[in-house]
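Readers should treat all values here as calculations from the given coordinates under stated rules, not as data from a laboratory. Values in this document were obtained by computation on a predicted structure and should not be read as measured data. So basically every Cβ, Gly included, is an ideal-geometry build from the backbone, and we count neighbours across all protein chains shown.
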């Protein structure tokens, strides 16, 4: 591995660390900036995905749709009654396409309610296409495979 | 640290990321390939370990036994009613032997049942001997120290 | 990034991995050694912090106070009825001061009781000032932002 590749690996780790941190801090503009201009974001129950069923819980097939979705969440979050905490495991490269790197990482999200009680909200796996965009790594396609589908108030924040 | 050592560190991280990912994906052949030809795998309640009690929940003292165990799990998992998700913390080198590196990493495993409810299944600490095997890092001895010993259906998958 | 900077990054990761591991192993002298001679440690509910309220749950404004606190915990832990397990996400550098690096990392702590049942105890975010001290990274200021404030027996161990 060259020094460049080593530095890239840290940049990849930072992308995932930032992804979770920015959601949890409610910094959604900075979070959107982790996505490439051409991008997609979807949340699919793991079971549907494995059976090849198309049904997504959230399906943003381009950036404008994702931005709209985030705008709606922000409006809703004025009445926000919980906070999020993402724990994301070590990202793992599982493939290479011509212009994209395939990366997966397991995650768990904890939510804390107004009484200060923290509960596991969801667990799952990110399976993403990462591209270099002006010298930075960004998400081109983010697929959130959701283990948990019995999640109430699912869309209060991105996963 | 030399560049080689830096690259090795990422290879070590990848070993742990792969360990969890392959169990969660049910790819047990690839998972077995993370173990050296001569290897051991055991699951011991943390309390027993700290008191020096020998009682292991799972004790595979050589590769053939581990392969048998995995074969049995696969058979059982045809009727599998849950999915797993491993979250593994940053691996930490805590010692060096002549031909092996001692590494530990904390973990949590979440299980999701058929109703789509996700629960914490177990937490604990891996304490492992890692060896270089044909240019790759592999587990020679994997010790799963289990905090939780009130786990139902413990042996449905490896931890 | 230079090779030195790359090695530094692993040293930073090791600092966080060690932080959690040493608490969980009850090795509090080694844990204290992760703090600089001049240091502060506090636990603040996230909500208080965001509203600018000063109320900390734990406030050690210098090393001697932190050492006292740990001594008291050790005494209490002779009658310890639980074990801890920290899962800490990838550390993320979010700022640089003249002589300190600002780093944050999400965490979850699981506790296991004497019946062997493991539960989520707390989740939150570390927001720290890291300094180089005799060639090693150490915590100068550690701020534990606690999502969960409905935690019983909070002070049984550090977070």
Task: Number of partner chain Cβ atoms within 10 Å, mean per residue of B:24-34 - done: 1
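So for A:138, B:78, fewest C-beta neighbours within 10 Å to most, what's the order?
Values: A:138 18, B:78 6.
Least crowded to most crowded, the residues run B:78, A:138.
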Task: Position residue C:77, label points 7 Å along Cα→Cβ, spacing to each other copy in nm (shortest first, one decimal) - done: 3.6, 3.6
Open item on the list: Over chain C, with a Gaussian network built from C-alpha contacts below 10 Å, which listed residue (C:117, C:98, C:47) shows the highest mean-square fluctuation?
Closed with: C:98
Task: With Cα atoms, 0 to 90° folded angle of helix C:3-24 axis to chain C main axis - done: 10 degrees
Open item on the list: Ordered shortest first, which distances in nm separate the 7 Å Cα→C-beta label point of residue C:119 from those of the other copies?
Closed with: 1.4, 1.4
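Just the number, please: percent antiparallel of the DSSP beta bridges in the stretch C:3-148, rounded to the nearest 5. Provide the component values of the computation, followed by the final result.
On the way: 36 of 43 bridges.
Antiparallel: roughly 85 percent of the beta bridges in the stretch C:3-148.
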TODO: Enter the angle in degrees (range 0 to 90, nearest 10) between the Cα long axis of helix C:63-77 and the first principal axis of the Cα atoms of chain C, meaning the one along which they spread out most.
DONE: 30 degrees
TODO: Once the label point is placed 7 Å from Cα along Cβ, list for residue B:97 the distances to the corresponding points in the other copies, in nm, shortest first.
DONE: 4.4, 4.4
Task: Helical mean residue ellipticity (222 nm; -39500 (n - 2.57) per DSSP H run of 4+; nearest 500) of chain C - done: -9000 deg cm²/dmol
Task: the stretch B:66-113 versus the stretch C:105-122: alpha-carbon centroid distance in Å - done: 19 Å
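Relative contact order of chain C: what whole-number percent is it, with Cα pairs under 8 angstrom and at least 6 residues apart? Intermediate values should be presented prior to the final figure.
On the way: 272 pairs, mean separation 39.8, N = 159.
So the answer I get is 25 percent.
Using Cα-Cα distances under 8 Å and only pairs 6 or more residues apart, what relative contact order does the stretch C:28-98 have, in percent?
Details: 39 pairs, mean separation 18.5, N = 71.
It rounds to 26 percent for the stretch C:28-98.
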